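The values are calculated or read from the model by the stated rules, or taken from the named source; none is laboratory data. None of the values given here were measured: they were computed from a predicted structure. Neighbour counts run over all protein chains shown; Cβ positions are idealised from the backbone, glycine included. When the accessible area is computed, the model is the full protein with side chains, heavy atoms only, and any ligands, DNA or RNA have been set aside. Shrake-Rupley method; radii C 1.70, N 1.55, O 1.52, S 1.80 Å.
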Amino acid sequence: MNATPPSATLSPHAHTTADLLQISQVERVLHIRLNRPAKRNAISDALIAQIHTAVINLPADVGAILISGEGDHFCAGLDLSELVKRDIGGAVLHSRSWHAAFDALQYGKVPVIAALHGAVVGGGLELAAACHIRVAEAGAYFGLPEGQRGIFVGGGGSVRIPRLMGVSRMTDMMLTGRVYNADEAERYGLVQYLVGEGEALEKGMALAQRAAKTAPMTAFAVMHALPRIAEQSPSEGLFTESLMSSIAASTPEAQARLEAFLQGRAEKVVKA
Ligand code: 1HE
């Protein structure tokens, strides 16, 4: 949670191209699509490096990121064809390279929304768990086949997934191969929004456009302070909250927004 882990050494090719991603911008939202549909968007060394590179090199006017997967699935997780080649040292660095990429995503400058469909499994679920808001289509399904493959999660899943759905549900997924459907994923806190088939991108884009309008200091507080406060003792958490809220409230952006409300120029809270 504290320092961003160092990135591992990956092939030079991976750092200089983004051919496994399709990146476009709609107003202030950067849409990053995993673009390896023939391999079900399995995350290779090159793909993890490209994700990392993309999220730390955001154009200045980007206010939110939308992540999705091309083809029939969001992501099949780790590229298993590369796993067999690694020794123990390489495996540790490989796992750390995922941590670095997903930490950069979770603790970056702008909120990240994941639009999920089809398989969201293994490292694909770890990627989704590093995003701030997850939207799932009715047909999406969630699994951790690591348990069946004789391995363990290595992309931050053991830290992030239990915080969303609890240790016992993740234990069940890994020991029995249990797969959760989208309805269960929403009920258990793995995703915040459930939409019909083919609707995740539109909903995700609408949420991203909305999140992009968050004042930068509020976004910083939500993305960087909130998860840390949640890990602190209540006394420390309340103290951190006081500091963070006074910093946010003293920004010119906050002053302008409060003024706009008082003059009747701002949105009201609308009944759900
Ligand atoms: C792959 C991968 C992959 C597909 N690595 N190549 N993840 C898994 O254990 C999930 C493995 N994948 C699957 O269970 C299925 O492929 C899916 C449910 C995701 C999709 O099924 P389907 O029927 O649409 O596709 P497919 O026919 O299984 O796969 C199409 C191709 O993608 C095929 O290659 P082809 O050359 O024969 O066409 C597959 O081999 C290839 N493919 N998934 C490599 N994962 C940091 S630690 C994280 C640890 C993990 O993520 S472990 C979990 C890995």
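Some values worked out for this structure:
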{"item": "Members of region 104-126 that are within 16 Å of the ligand (Cβ to nearest atom) and either within 15 Å of PRO37 (Cα to Cα) or open to solvent by 20 Å² or more (accessible area, probe 1.4 Å) (or both)", "result": "GLN106, LEU116, HIS117, GLY118, ALA119, VAL120, VAL121, GLY124"}
{"item": "Subset of region 26-63 (residues that are buried (at least 18 other Cβ atoms within 10 Å of the Cβ), small (Gly, Ala, Ser) and within 11 Å of the ligand (Cβ to nearest atom))", "result": "ALA42, SER44"}
{"item": "Failed item, numbered, when LEU194 is tested on (1) open to solvent by less than 80 Å² (accessible area, probe 1.4 Å); (2) within 28 Å of LEU83 (Cα to Cα)", "result": "(2)"}
{"item": "Restricting region 160-192 to residues that are of a type in the set (D, E, K, R) and within 16 Å of the ligand (Cβ to nearest atom), the residue that is farthest from GLU231 (Cα to Cα)", "result": "ARG178"}
{"item": "Test: PRO216 is loosely packed, with under 15 Cβ neighbours inside 10 Å, over 24 Å from the mean Cα position of the chain (by Cα) and closer than 23 Å to VAL62 by Cα", "result": "no"}
{"item": "Count of region 64-93 residues which are surrounded by fewer than 21 Cβ atoms within 10 Å (Cβ to Cβ) and of a type outside the set (Lys, Arg)", "result": "16"}
{"item": "Subset of region 174-229 (residues that are closer than 30 Å to SER250 by Cα and basic (Lys, Arg))", "result": "ARG210, LYS213, ARG228"}
{"item": "Long-range neighbours under 7 Å by Cβ, at least six apart or interchain, first residue near the ligand (Cβ under 7 Å from one of its atoms) within region 138-159, second modelled with pLDDT under 95 and assigned to a loop (DSSP other than H, G, I, E, B)", "result": "none"}
{"item": "Candidate set: region 16-37, residues that are assigned to a loop (DSSP other than H, G, I, E, B) and within 17 Å of ALA206 (Cβ to Cβ); chosen: the one farthest from the chain's Cα centre (by Cα)", "result": "GLU27"}
